[in-house]
Amino acid sequence: MELKKLIHTLDVLEVVGTDDVKIAGIQSDSRKVEDGFLFVAVRGTAVDGHAYIDGAIAKGAVAVVCEEIPSLSEENGNPSGRNVIFIRVKDSADALGKLVSTWYDNPSDKLTLVGVTGTNGKTTIATLLYEMFRKMGHKVGLLSTVCNYIDGEAIPTDHTTPDPITLHSLMARMVEAGCEYAFMEVSSHSIDQKRISGLLFDGGIFTNLTRDHLDYHKTVENYLKAKKKFFDDLPADAFALTNADDKSGLVMLQNTAAKKLTYSLRTLADFKGKILESHFEGTEMIINGREVVVHFVGRFNAYNLLAVYGAAVSLGKDPEETLIVLSTLHSVSGRFETIQSPKGYTAIVDYAHTPDALTNVLNGIDEVLNGRGRIITVVGAGGNRDKGKRPIMAKEAASRSERLILTSDNPRDEDPLDILKDMEAGLDDEARTRTLSIADRREAIRTAVALAHPGDVVLIAGKGHEDYQEIKGVKHHFDDREVVREVLNQQH
């Protein structure tokens, strides 16, 4: 593609050299640059791409998009002695998304794209919308924490929101495969790092906002601003659907040009729900005056289903058909996944890894048990992440469980025993008498199951769908669901 065509959507501050050159590819990682490529120097959280401009040119870059043009020598016009064009922009992270979108012929314009953001519920809502629209006969794409899908084809994922080059190439593949809709999780990191730049959204959904990622955002206010920016940037012909019961819900709508819509279990809203009855097999609900039985448990899931219903109706789907399909959907892998023991107790594996998510799951279990059984919780906290949430998680788990076992999650580069100490700091003397600390996660699960009696629930929280444990930079195979089934089989 011609460079001048590629950069026409950018706010270019300065061009050094002629833009009359053909570009063979775009890259923001200098190691992946090839002959004829355009290199975009992005200031990242760990490294600054401007430090790698020379390396990119040495590998064959013919053009560089950057925020600062490196000092040029008089003899050859650029630092590497090659005729390289420099394009200076105010924000190269923002430019990267726009460039890649142009490169792939703006794939998000050809899809009905809906983004889901918030602390908890993103994966469930995005995945259920993907499944619902496929059941309604559409070809659909999904970008999520668990897996990316191009209609029926699974593409493994490493991040909640991929980098712009991967993101737009996946969207282009969706268009090529004939997808009409795409649903994606939009993380606060990706908003802040402009990873979603160049995408045209037709709708945005806000779930809730509670403490998470403060290792990155530093304050809850910064975290909220990142989420809000997503809604501020929605176009006027999109919809903005928010949880009216969350204290940050209506904040998201303050400056958006999009059509403002709400969902709620507690107050008047465009999409109003009420829980009638809960069982471990599912929940009986009323949504906008119509009764429906769903295969989900807990108030937090009732909110997720209201968001799914609201988004589908906002995209023009018939409310009655939407409810019928909603009643056929099942929970996402590793989200409130129920495993029944022949001995009469229930094991639940869930991804809850924030204080609020843990509280939601435990409250959901408590609603169903209604005093008829005990809750035994196994939970840890990830290493190299927000340390402030560790004591809070332990405190929340202890206050809602009869027995608590603190264990290892993904310790990453930290000592698991240090993480356990941070969690134990949240417990009072009474809670400590009901708590065990077992660093070996397999042993912790085995102990919890051994403590269970008929009618009890064992909650194994924190990892959900993850099938690994990350220890000192190495991923070891570990799947909570496999371990639970293995332990249950040994009890026969």
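The values are calculated or read from the model by the stated rules, or taken from the named source; none is laboratory data. Small disclaimer: the values here were computed from a predicted structure and weren't measured. Every residue, glycine as well, gets a Cβ built from its backbone with ideal geometry; the counts of neighbours run over all protein chains shown. Please note that ligands, DNA and RNA were not included when accessible areas were found on the heavy atoms of the full protein model with its side chains. Shrake-Rupley method; radii C 1.70, N 1.55, O 1.52, S 1.80 Å.
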Condition check for Thr242: assigned to a strand (DSSP E or B) and surrounded by 17 or more Cβ atoms within 10 Å (Cβ to Cβ)
yes
State yes or no: is Leu113 crowded, with 17+ Cβ neighbours inside 10 Å, within 25 Å of Ser190 (Cα to Cα) and in contact (Cβ under 8 Å) with a residue 60 or more places away in the chain?
yes
Return a yes/no flag: does the range 320-340 have any residue that is farther than 30 Å from Lys135 by Cβ and open to solvent by less than 20 Å² (accessible area, probe 1.4 Å).
no
Considering the range 384-420 alone, what residues qualify as being assigned to a loop (DSSP other than H, G, I, E, B), open to solvent by 20 Å² or more (accessible area, probe 1.4 Å) and over 18 Å from Val457 (Cα atoms)?
Asn384, Arg385, Lys387, Gly388, Asp413, Glu414, Asp415
Tell me, which residue of the range 251-289 that is closer than 24 Å to Phe336 by Cβ and touching a Leu at 6+ places or on another chain (Cβ under 6 Å) is most open to solvent (accessible area, probe 1.4 Å)?
Glu284
Tally time: how many residues in the range 170-196 are of a type in the set (D, E, K, R), open to solvent by 50 Å² or more (accessible area, probe 1.4 Å) and modelled with pLDDT under 95?
2
Could you list, in sequence order, the residues of the range 428-458 that are of a type in the set (D, E, K, R) and either open to solvent by less than 50 Å² (accessible area, probe 1.4 Å) or farther than 20 Å from Ser399 by Cβ (or both)?
Asp440, Arg441, Arg442, Glu443, Arg446, Asp456
Condition test on Arg335, is it closer than 25 Å to Gly118 by Cα and either of a type outside the set (Ser, Thr, Tyr) or modelled with pLDDT of 95 or more (or both)?
yes
Quick check, is Val64 β-branched (Val, Ile, Thr), open to solvent by 50 Å² or more (accessible area, probe 1.4 Å), farther than 20 Å from Asp192 by Cβ and assigned to a strand (DSSP E or B)?
no
